[in-house]
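The values are calculated or read from the model by the stated rules, or taken from the named source; none is laboratory data. Since this is a predicted model, take the numbers as computed values, not measurements. Reconstructed Cβ throughout: ideal geometry from the backbone, glycine too, with neighbour counts over all protein chains shown.
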């Protein structure tokens, strides 16, 4: 549905992006000449007019290659802004390479002005466009689509609410058809049930429906088949919503294999260029942190060795991205063998959902261990996990296997991204928050709203919380 709506919007955005990028390049040239910064230019600014063709061409190719105009992103400002920032950064790097190889005299300060101006113009233009659409202006730019939902059950009503939320895009929910006589002639989620499934063809013709979406339960496959056959002769698009929401891990994908449609339910939530960018960020920041913190880690290792007998590092099996187990590293903060009683203690604490309640005065923790935990120094060896790729700097915390066995199906959505040293729920209370469902909700919020800037923000807040010793024990 959104693809049909988003095609026209994508073309509008593409033309505007190319034009605004050329404008940003011109304004950057003006600023370089007008502002008293940088090396004084003795001659005219080295700037060929062919840049106004080269740069927009690079930008158009980069934006198309990185799927910036995907309707799933283009119709949501936060997702669109993240995609634009990523695409502008990649396009700028390509432009820098071209300028270095063929035109080394290009002003670096002009280059910097151009990057900032381009981001400001493209993001500002999108914010203005979204604002106009939500005010009801400019809807003529988008294609109107009238939608009928077959099935007024839970899935159908959730779909109806989603369509209602996107009505500013031109989507209009006409109503439902359902065989439940108790629903016919009444309203479900604010929209009328216009008849039974056998009436779907006449309802489509009567209300000039453009799209029919089947949201029927799995046991109604034969009815779904009859509905599809009834619509064969009508000029209407037909879509199916698989009733597997409880099994979907954040996002689903569709592909075709040998002519057979496949729906992927456990796709990584961060992929493509975003995945590359997050991994690059982990490697650069993780390596830098390891170098800067190595004296502290050496002192912690010597303190652990002197305080109690046993190994310096503690390796514990945890569950990572996609449910894959790995060995997570920590400085040992407990007496040797203390971890064997964790499951028993969790049961004694009555931690119904999968939750291990930490005890601030746990007698198993050594003297040095309590200090390391207080300032989260015991977590620093996980930087090696980050560099190896088992973990990320930011993400949901990796869980113990025996706790994962107790997960409810929706809890497993937190494994859709790399598990992290710190995460969104840690900076919103850390160990002081005992409600596991709230923790999972925080993790899912992070997954749905991921951006590199969010990772940076979480890391900065984590550093402040660690220095205060807040919520860690």
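Summary of values
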item	result
Elements of type helices (runs of 4 or more DSSP H) contained in the range 366-425, each with 3 or more residues being touching a residue at least 60 places away in the same chain (Cβ under 8 Å)	367-374, 382-388
Qualifying positions in the range 446-470 - modelled with pLDDT of 85 or more, loosely packed, with under 14 Cβ neighbours inside 10 Å and within 20 Å of residue 417 (Cβ to Cβ)	460
Failed condition for residue 178, given (1) farther than 30 Å from residue 134 by Cα; (2) in contact with a helix residue (DSSP H, G or I) (Cβ under 6 Å, 6 or more places away or on another chain)	(2)
Residue match in the range 433-442 (condition: modelled with pLDDT of 90 or more, crowded, with 19+ Cβ neighbours inside 10 Å and not assigned by TED's automatic domain parsing to the domain that holds residue 86)	no
Residue within the range 335-351 that is in the same structural domain as residue 460 (by TED's automatic domain parsing), modelled with pLDDT of 80 or more and assigned to a loop (DSSP other than H, G, I, E, B) present	yes
Among residues of the range 83-107, those that are surrounded by fewer than 20 Cβ atoms within 10 Å (Cβ to Cβ), at pLDDT below 85 and assigned to a helix (DSSP H, G or I), counted	7
Subset of the range 306-325 [crowded, with 19+ Cβ neighbours inside 10 Å and touching a strand residue (DSSP E or B) at 6+ places or on another chain (Cβ under 6 Å)]	314, 318, 319, 320
The listed residue being assigned by TED's automatic domain parsing to the domain that holds residue 463, buried (at least 18 other Cβ atoms within 10 Å of the Cβ), under 24 Å from residue 291 (Cβ atoms) and at pLDDT below 90, out of 376, 392	376
